[in-house]
Amino acid sequence: MKLLSQLRTSSFQLALLYMVVFATSVFLLLAFIYWRTAGFMTAQTDETIEAEIAGLAEQYRGRGVNGLITIIRERVARDPNAKTIYLLTTEDFLKLAGNLETWPEGSPSEGGWVNFTLSSAVGWKGPERLARARIFEVQGGLRLLVGRDVDELTSLKRVIETAINWGMGITLALALLGGYLMSRNTIRRIEVINNTSRRIMNGHLSLRIPTRGTEDDFDQLAENLNQMLDRIVYLMEGIRHVSDSIAHDLRTPLTRLRNQLETTLMSVDNDEAREHAGRAVAEADQLLATFNALLRIARLETKGNSSDMKRVALDELVSDACELYEALAEDKDQMFEQSLQPDVIIEGDRDLLFQMISNLIDNAIKYTPEHGAIGVAVRKEGEDAIFEVRDSGIGIPDDEKEQVFQRFYRVGKSRSLPGNGLGLSLVSAVAEVHKGRIVLSDTNENTQPPGLTVAVHMPALTPVRKRIRAIPAGQAQEPGSADVSTPAAADRT
């Protein structure tokens, strides 16, 4: 699988393209060399045959047919290996002289050239060999064939062709191996950048992409990305510092204002003034809740709460939260269902988890109309502990599901309802502290409104089972001596 993923990378494809270009260049070069070499050897053979023909023509002009027959017989006698092929026949193909018995089959080319096999069919007494000859007619209706044994030349051509084929195969193999090695080195550098980027996206903003000090393209890319990350972190910290400072600085005067309004509310006798003061106190409480949520999210995003992590029974914690909100659901005549699988244990901060659970249940009740249905579930799937809240409310459009975790973001349909747009931001921050992830989906895609299902996946722990030590018969058990292991009391509600 790793090899297949490497073959799909752009670096390997680039190396493959280079291999194709390189192999094509080598092929064209070898083909040119073969064409020139084979052509030169063929031309040299043809020139030798032409020289033989020129000599025979001179003898024919000086000595006639009898002289031509005599010179052919002399040359055949001087060439026991029959490197040169001769055959002089009458118009009816009756042999007059030469080292062949019959005329070879095959039609000559326009220049009179013919390629044939030296075999018993033409009266050849040795092993079969390849020959190339030229045919022309002599005055008087005689036919003359002069050729050369080109078997060695053909064998040499085959050797060259085999060498070219092997050379191309080796070239392709080496190019493929080189492309693989080059792409693997490139992939390693890219994977370092990818791994570091993933960890940075998971919240480790202090990490930076390592460099090798070679000042190559990857080092320059890493340096530019690191400078960009430094700038982004600087701007984020500046924005976070400003928002946190505003929230922190305004919380104290808002608290004093709220207390003064409450004092005023207790001191006035006029009903209308009391109503106005009550609404002012409620608005102040809403502002204080907003600032407190902002500060809580900021603390979670910067420091987390890893020091407060303990074993928590998620099903028991959710049960406590459901007991708290059941009355609120009854006031709206909502159906409130619970499906809590026992012994679902996670490691977490009990207070943060309770706030996350409460926020999700409160949202479900708030955005579900009267006579609607709300479902709360806890279950374990594989290595994940899942807390899920389902409702039949207005839901969230698909294109806004990723944006609802931003601070102060509110879906258009919910802007008329009370809230500040920080609930899901706080839920997301708590889930991130607990190494969890949130999945949003429609409760029922076939209905309108579709409702919303929020599932929080967190790493599950193995529940601690009770271990009871066997006591021998007749032996009394001392108080406190039972070997029983249960989750710590502090982890239960």
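The values are calculated or read from the model by the stated rules, or taken from the named source; none is laboratory data. Keep in mind the model is a prediction, meaning the values are calculated, not measured. Keep in mind that these areas ignore ligands, DNA and RNA; they rest on the heavy atoms of the full protein, side chains included. Shrake-Rupley method; radii C 1.70, N 1.55, O 1.52, S 1.80 Å.
Accessible surface for segment 116-180, divided over its residues, is 56 Å² per residue with a 1.4 Å probe.
In this structure, the residue pairs whose Cα-Cα separation is over 22 Å, taken from 95/125; 366/401; 366/435, are 366/435. When 367, 234 are compared by accessible surface with a 1.4 Å probe, the order from highest to lowest is 234, 367. Computed with the Debye formula from one identical point scatterer per Cα of segment 369-409, without solvent, the log10 of I(q)/I(0) at q = 0.27, 0.28 Å⁻¹ comes to -0.93, -0.93. Distant-in-sequence amide contacts of residue 310, defined by a placed amide H-H separation under 5 Å and a gap of 5 or more residues or a different chain, comprise 348, 349, 350. Once the Kirkwood radius over Cα pairs is known for segment 178-248, the Stokes-Einstein relation at 20 °C and 1.002 mPa s delivers a diffusion coefficient of 153 µm²/s. Amide H to amide H distances under 5 Å link residue 85 with 147, 148, 149, where only residues 5 or more positions off or on other chains count and H is placed in the peptide plane.
So for 337, 58, what's the accessible-area order with a 1.4 Å probe, most first? Kindly include the intermediate steps, with their values, before the conclusion.
Numbers: 337 90, 58 125 Å².
Descending order: 58, 337.
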